Amino acid sequence: MIHEIENQYKEILNEYMKKQTEQNLYVGQNFSRQLILENISPEEVISMHKGAIQELYDELPDVVWHSFDFLIEMMINYGLALQERQSLLKQQEELKVEMDLAANVQETLLKTKLPLLEGLDIGLLSIPARKMNGDYIYFVSEHDGYAGVAVADVIGKGLPAALCMSMIKFGMDSLSSSQALPKDVLSIINRIVEKSVDDSMFVSMFYGNYDAKKARLTYGSAGHEPAILYRAKDNEFMELNAKGLLLGVSPAAVYEEHAVDLEKGDLVIMMTDGVTEGRNEEGFIEREVIYELIERKKEEAAQVIVQYVYDELERMQNAQFQDDFTLVIYKKV
Amino acid sequence: MIHEIENQYKEILNEYMKKQTEQNLYVGQNFSRQLILENISPEEVISMHKGAIQELYDELPDVVWHSFDFLIEMMINYGLALQERQSLLKQQEELKVEMDLAANVQETLLKTKLPLLEGLDIGLLSIPARKMNGDYIYFVSEHDGYAGVAVADVIGKGLPAALCMSMIKFGMDSLSSSQALPKDVLSIINRIVEKSVDDSMFVSMFYGNYDAKKARLTYGSAGHEPAILYRAKDNEFMELNAKGLLLGVSPAAVYEEHAVDLEKGDLVIMMTDGVTEGRNEEGFIEREVIYELIERKKEEAAQVIVQYVYDELERMQNAQFQDDFTLVIYKKV
Amino acid sequence: MSDESSVEILTEWDIVAARQLGRNVAKELGFGTVDQARITTAISELARNIYLYAGKGRIEIQQLTENGLKGILIIAADSGPGISDIRQVMEDGFTTSGGLGAGLPGVKRLMDDFKIETIVGEGTDIRATKWLR
Amino acid sequence: MSDESSVEILTEWDIVAARQLGRNVAKELGFGTVDQARITTAISELARNIYLYAGKGRIEIQQLTENGLKGILIIAADSGPGISDIRQVMEDGFTTSGGLGAGLPGVKRLMDDFKIETIVGEGTDIRATKWLR
Ligand SMILES: [Mn+2]
Ligand SMILES: [Mn+2]
Ligand SMILES: [Mn+2]
Ligand SMILES: [Mn+2]
């Protein structure tokens with residue numbers, strides 16, 4: 001095998017020595033790729049080269065051969081660095097498989113069921129910027145005319161965020177009442193996060209509870225991106241602000257609670273900062289741009305609006321989202 | 001900078017050309033390390049080499065210079081592969097930081113509190129084979145004279161296992177009764193795992209409930225490594241077997257339940273297969289070896305026994321544990 | 001100021017022609033042997049990509065002068081299928097381990113600037129620049 | 001059958017002496033230029049480790065004959081501080097990125113067999129073999 005490669009090398013080199021054409025260099029370079037694939041190290045290339053030149057020009061003075069010997073010695077460490085690359089590539093490959101599996105487990109673990117409520121059309125989309133999603137949507141519903149929704153963003157990405165999220169999920173599970181008030185939900189989850197996670201990890205969360213009979217949304221926020229209310233009647237957008245510290249900062253944090261009554265055609269747009277903090281080549285994408293996108297599709301079903309906003313923002317950012325993207329729209333119908 | 005390196009190269013090469021000593025090669029090879037650190041690619045080395053030889057021996061025939069040009073072309077792809085190594089090393093470094101953080105979160109998330117019970121001395125140790133632990137110990141206790149302990153092993157390692165474990169933890173949390181019976185605990189956790197995790201992930205679990213007043217351990221097992229009972233009176237070891245499928249295989253799985261009454265000096269040794277399936281150069285380490293280790297220290301505190309078994313097994317395996325190692329000892333005192 | 005010339009890529013021989021053109025321009029601009037070889041390798045990769053994945057296209061070589069700096073610009077343009085997952089083709093190990101050569105991350109490393117525009121179903125336009133230091 | 005010779009490592013010059021000894025034996029056994037250079041590099045690394053971390057120690061070179069195969073065995077022994085985390089020193093990138101050279105993973109790659117025994121506070125014994133093919 002090595003012998004065959006040596007012969008091929010000699011032939012290709014010989015052609016080049018006869019005529020220094022681009023064609024012969026092209027052939028040589030393509031051959032060097034094969035050598036790399038066959039794990040031929042650079043010191044072996046120099047050694048083959050020396051051998052081939054020796055056969056072709058054995059009359060050359062000794063200095064030439066010494067010079068090649070020196071080069072071989074110089075290349076040994078380069079060869080080692082290349083072998084390290086091989087093993088790093090293998091490690092990277094294994095890790096990719098593990099990450100895929102973990103993303104899969106995360107998805108199954110964190111899945112949530114869309115509530116079905118009289119007079120409410122829900123659209124949602126959550127797209128991770130990398131393998132693991134650091135945003136999270138969770139619905140609490142019991143077919144009793146109420147539905148809670150949590151939209152959360154873990155500060156931090158990847159595995160640590162994923163682990164933290166599974167904690168929030170089980171925390172929400174343990175609440176298990178769709179009528180729980182936002183300020184209470186946020187307080188309870190705040191204490192769980194504060195207790196279980198180290199000081200470097202924080203979570204922002206919006207919690208909204210919708211009462212279908214009254215068409216009223218009660219909401220609170222733990223340092224989360226404000227939700228947006230679109231009033232169909234006035235064709236106006238306004239922010240739904242509510243004060244409250246990020247989850248995990250202080251066990252004594254208290255959370256404000258407000259309520260809005262929805263009318264036909266009104267939209268409540270809940271999201272994470274991955275939606276509002278997109279950037280294109282000119283800088284941040286303005287909030288107004290998002291209002292405009294929503295307005296264009298306001299007559300459509302909630303899921304159509306959500307998908308349209310995502311597609312347009314993706315186009316504006318050349319498909320390069322820097323942060324996880326999560327958007328939930330409640331539409332009063 | 002490059003100019004300086006070229007001069008140094010020429011000097012070192014010149015010394016070697018004058019006298020082909022080991023000393024001069026040693027100097028050259030040490031220099032090649034510096035070149036790699038300075039990100040000098042192999043094609044640049046050949047080019048420097050050619051330049052230096054040209055200055056030293058400008059009378060050499062053209063074939064020599066052509067031959068170096070060919071080598072430069074051959075080395076371009078090698079240089080690229082080396083640059084790839086640099087970026088892979090950087091990625092690996094970043095990932096390590098993320099893994100450390102995740103392991104940290106996992107630890108905080110999954111921490112459990114040792115129960116304090118009349119007449120019971122508890123020792124425990126859980127050492128992951130890699131960054132993230134796929135074994136899990138969880139105690140359920142309420143200071144009411146009962147204490148539950150779960151010893152679990154997720155089939156699979158790394159992140160997916162870590163995520164799965166956080167699910168078990170919150171499942172156990174939701175039970176929240178230290179008097180729950182093993183067969184019920186296993187059934188409930190089995191349904192959670194079966195529902196939430198995809199088909200490729202299984203968990204083995206031993207669950208034991210200790211009633212301090214009766215000094216009775218009630219236990220069940222979901223395909224887990226059998227616990228061992230050491231009877232002080234008879235100086236004998238016996239396995240505590242209980243039938244039951246791995247968690248996550250079938251939602252309808254049922255679990256056996258047995259009980260033993262402990263007497264003074266008795267030990268219950270609960271563990272994962274990482275303890276029993278260690279290997280040394282001669283093959284698997286026999287179960288009897290572990291019995292012997294325990295017997296030697298049976299008079300000591302539970303934590304001392306656990307640490308001794310770990311230290312000895314680590315020594316036998318040259319510190320190369322293939323699997324996560326988890327050992328819990330209940331000692332009736 | 002820019003000076004331009006180009007090669008249509010239809011057969012493997014055209015890859016060699018594009019390389020030759022690039023090497024000539026690089027030499028003329030005053031690039032050293034190693035940089036000449038790197039520029040040529042980048043052209044080779046881009047031309048090969050056109051030949052293998054788009055079937056046909058064009059390699060254009062321009063001489064650049066900007067703020068007193070001289071440079072070489074390679075443009076590789078085709079109306080092929082385009083690239084649907086840019087992130088993936090720019091990933092290390094994705095192409096090299098498959099044995100396809102240096103790939104686009106390689107081209108990026110060989111040159112100073114690298115820009116890619118691609119639309120699925122319409123084609124790809126890659127611009128890579130190297131400055132003379 | 002084994003033939004043996006050794007070099008005490010106390011100063012940096014002894015590293016060169018160990019290299020020379022190894023290269024002579026390798027050449028004598030019939031190893032080619034590249035393998036000679038690899039064996040010498042492995043010796044160099046091991047001797048440097050002794051010089052840098054243990055202060056003093058010994059490099060021993062043995063000729064091996066086993067099942068008709070010839071080989072070279074390098075033994076590097078010291079009574080230095082030992083290595084507390086073998087996993088870490090055998091990790092890629094751990095030593096190279098720190099600029100300490102090929103490190104132990106490098107030695108392992110340069111040779112065919114590699115064994116390490118170390119006890120913290122007592123010392124380290126490394127044995128590396130390369131067979132002539
Ligand atoms: Mn986030
Ligand atoms: Mn975010
Ligand atoms: Mn496991
Ligand atoms: Mn195990």
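The values are calculated or read from the model by the stated rules, or taken from the named source; none is laboratory data. Since the model is a prediction, treat every value here as computed from it, not as a measurement. Positions of Cβ are backbone-derived with ideal geometry, glycine not excepted, and every protein chain shown enters the neighbour counts. Ligands, DNA and RNA are excluded from the accessible area calculation, which covers all protein heavy atoms including side chains. Shrake-Rupley method; radii C 1.70, N 1.55, O 1.52, S 1.80 Å.
Couple of notes before you dig in:
- Evaluation of B:TYR136 against the conditions (1) more than 16 Å from ligand 3 (Cβ to nearest atom); (2) in contact with a helix residue (DSSP H, G or I) (Cβ under 8 Å, 6 or more places away or on another chain) shows that the sole unmet condition is (1).
- The range B:126-155: number of residues that are within 12 Å of ligand 4 (Cβ to nearest atom), hydroxyl-bearing (Ser, Thr, Tyr) and open to solvent by 20 Å² or more (accessible area, probe 1.4 Å): 1
- 3 or more residues surrounded by 23 or more Cβ atoms within 10 Å (Cβ to Cβ): qualifying helices (runs of 4 or more DSSP H) within the range C:24-133: C:33-49, C:103-110
- Subset of the range D:77-92 [in contact (Cβ under 8 Å) with a residue 24 or more places away in the chain and either in contact with a Gly (Cβ under 7 Å, 6 or more places away or on another chain) or charged (D, E, K, R) (or both)]: D:ALA77, D:ASP78, D:SER79, D:GLY80, D:PRO81, D:GLY82
- Subset of the range A:265-289 [within 21 Å of the chain's Cα centre (by Cα) and free of Cβ contacts under 8 Å to residues at least 60 places away in the same chain]: A:VAL275, A:THR276, A:GLU277, A:GLY278, A:ARG279, A:ASN280, A:GLU281, A:GLY283, A:PHE284, A:ILE285
- Out of B:GLU312, B:GLU299, sole residue that is assigned by TED's automatic domain parsing to the domain that holds B:ASP121, in contact with a helix residue (DSSP H, G or I) (Cβ under 6 Å, 6 or more places away or on another chain) and more than 16 Å from ligand 3 (Cβ to nearest atom): B:GLU312
- Count of residues meeting criterion [under 19 Å from B:GLU118 (Cα atoms) and modelled with pLDDT under 95] in the range B:216-250: 0
- Qualifying positions in the range C:76-121 - polar (S, T, N, Q) and modelled with pLDDT of 80 or more: C:SER79, C:SER84, C:THR118
- Some residue of the range B:147-161 being without any contact (Cβ under 8 Å) to a residue 24 or more places away in the chain and more than 14 Å from chain A (Cβ to nearest Cβ): no
- Residues (farther than 26 Å from A:GLU55 by Cβ and either away from chain D (no Cβ under 14 Å) or touching a strand residue (DSSP E or B) at 6+ places or on another chain (Cβ under 6 Å) (or both)) located in the range B:12-47: B:ILE12, B:ASN14, B:LYS18, B:SER41, B:GLU44
- Of the residues in the range A:168-182, at least one is within 15 Å of ligand 1 (Cβ to nearest atom) and either within 11 Å of chain B (Cβ to nearest Cβ) or open to solvent by less than 40 Å² (accessible area, probe 1.4 Å) (or both).
- So B:ARG287, is it more than 24 Å from B:VAL154 (Cβ to Cβ), basic (Lys, Arg) and assigned by TED's automatic domain parsing to the domain that holds B:PRO182: no
- If you go through the range A:81-96 and keep only what is more than 9 Å from chain B (Cβ to nearest Cβ) and either among the β-branched types (Val, Ile, Thr) or open to solvent by less than 40 Å² (accessible area, probe 1.4 Å) (or both), you end up with just A:SER87.
- Test for B:LEU114: is it of a type outside the set (Val, Ile, Thr) and either within 9 Å of chain A (Cβ to nearest Cβ) or buried (at least 16 other Cβ atoms within 10 Å of the Cβ) (or both): no
Residue-wise test of (1) open to solvent by 20 Å² or more (accessible area, probe 1.4 Å); (2) modelled with pLDDT of 95 or more; (3) within 16 Å of ligand 2 (Cβ to nearest atom); (4) among the aromatic types (Phe, Trp, Tyr).
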{"residue": "A:ALA252", "(1), (2), (3), (4)": "yes, no, no, no"}
{"residue": "A:ASP261", "(1), (2), (3), (4)": "yes, yes, no, no"}
{"residue": "A:LYS264", "(1), (2), (3), (4)": "yes, yes, no, no"}
{"residue": "A:VAL268", "(1), (2), (3), (4)": "no, yes, no, no"}
{"residue": "A:GLY274", "(1), (2), (3), (4)": "no, no, yes, no"}
{"residue": "A:GLY283", "(1), (2), (3), (4)": "no, no, no, no"}
{"residue": "A:VAL289", "(1), (2), (3), (4)": "yes, no, no, no"}
{"residue": "A:VAL306", "(1), (2), (3), (4)": "no, yes, no, no"}
